[in-house]
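Enquirer: Would you mind keeping the following structure in view while I ask a few things?
The values are calculated or read from the model by the stated rules, or taken from the named source; none is laboratory data. Keep in mind that this is a model prediction, so the values were computed, not measured. As a convention, Cβ positions derive from the backbone with ideal geometry for all residues, glycine included, and neighbour counts pool all protein chains shown. Just so you know, the surface numbers come from the protein's heavy atoms only, side chains and all, with ligands and any DNA or RNA stripped out. Shrake-Rupley method; radii C 1.70, N 1.55, O 1.52, S 1.80 Å.
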Amino acid sequence: MGLDYKGRIPMFVLRLVALAALVTATLIMVTSHDSAEFFSIKFEANYKKSPAFNYFVIMNAIASGYTFILSFLPAKTSYDHVVLVLDLVMTLLLDSSISACLAIGQLGKNGNSNAGWLPICGQVPKFCDHVTAALIAGFVASIIYLIIVIYSLHNLINLLALKS
């Protein structure tokens, strides 16, 4: 957006915090696993067994890579409009992955009596705690990305106002 040096510092800090939250969410979700025995049948809960959790991990990893790559872009670039659009896309993808995980997490915590699905968090509390922590970190990253998009839009509007 044609930001000067002072305008780049808040964006860099926001991206750094977003990267930390994204990597944290990914690592917590990847390391989440627990097992339980129910009527002498052992079952294991991990993120690989749910497409929503897989989607969450993949989207956070992609957003982490994107954020990491953006930290190496030069201060003055002609790709600012593309970066703004990609930031918006990353925000939407992060929101969709969190929404999918929240739906499955709610189902795991409370079950669904209409469908006959029992809650599992009582049997695998360690797994549910990890998923909750990963969702919190992902939500923080998503909020930071929303702030990045708003900040970028504000700078773009100011730039356009100066040109006219």
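Enquirer: When the residues of segment 108-141 are narrowed to those that are open to solvent by 50 Å² or more (accessible area, probe 1.4 Å) and hydrophobic (A, V, I, L, M, F, W, C), which ends up farthest from SER50 (Cα to Cα)?
Expert: That would be VAL140.
Enquirer: Those residues that are β-branched (Val, Ile, Thr) and either out of contact with any helix residue (DSSP H, G or I) (no Cβ under 8 Å at 6 or more places or on another chain) or open to solvent by less than 60 Å² (accessible area, probe 1.4 Å) (or both), I need them from segment 74-107; list them, please.
Expert: Let us first name the residues in segment 74-107 that are β-branched (Val, Ile, Thr), namely 77, 82-83, 85, 89, 91, 98, 104.
Matches in segment 74-107: THR77, VAL82, VAL83, VAL85, VAL89, THR91, ILE98.
Enquirer: So, one more: Report yes if SER35 is outside any helix (DSSP H, G or I) and polar (S, T, N, Q), otherwise no. If you could, list the steps in order and put the result at the bottom.
Expert: Details: outside any helix (DSSP H, G or I): yes; polar (S, T, N, Q): yes.
Yes, satisfied.
Enquirer: Pull out all pairs, ordered by first then second residue, where Cβ-Cβ is under 7 Å, the residues are six or more apart or on different chains, the first lies in segment 28-48 and is under 12 Å from PRO125 (Cβ atoms), and the second is assigned to a loop (DSSP other than H, G, I, E, B) and not aromatic (Phe, Trp, Tyr).
Expert: ASP34/VAL124; ALA36/GLN123; ALA36/VAL124; ALA45/ILE120; ALA45/VAL124
Enquirer: On to the next question. Mind listing whichever residues of segment 38-73 are hydroxyl-bearing (Ser, Thr, Tyr), in a loop (DSSP other than H, G, I, E, B) and open to solvent by 20 Å² or more (accessible area, probe 1.4 Å)?
Expert: The first filter runs over segment 38-73 and keeps only residues hydroxyl-bearing (Ser, Thr, Tyr), leaving 40, 47, 50, 55, 64, 66-67, 71.
Restricting the remaining residues to those that are in a loop (DSSP other than H, G, I, E, B) gives 40, 50, 71.
SER40, SER71 - these are the residues of segment 38-73 that are hydroxyl-bearing (Ser, Thr, Tyr), in a loop (DSSP other than H, G, I, E, B) and open to solvent by 20 Å² or more (accessible area, probe 1.4 Å).
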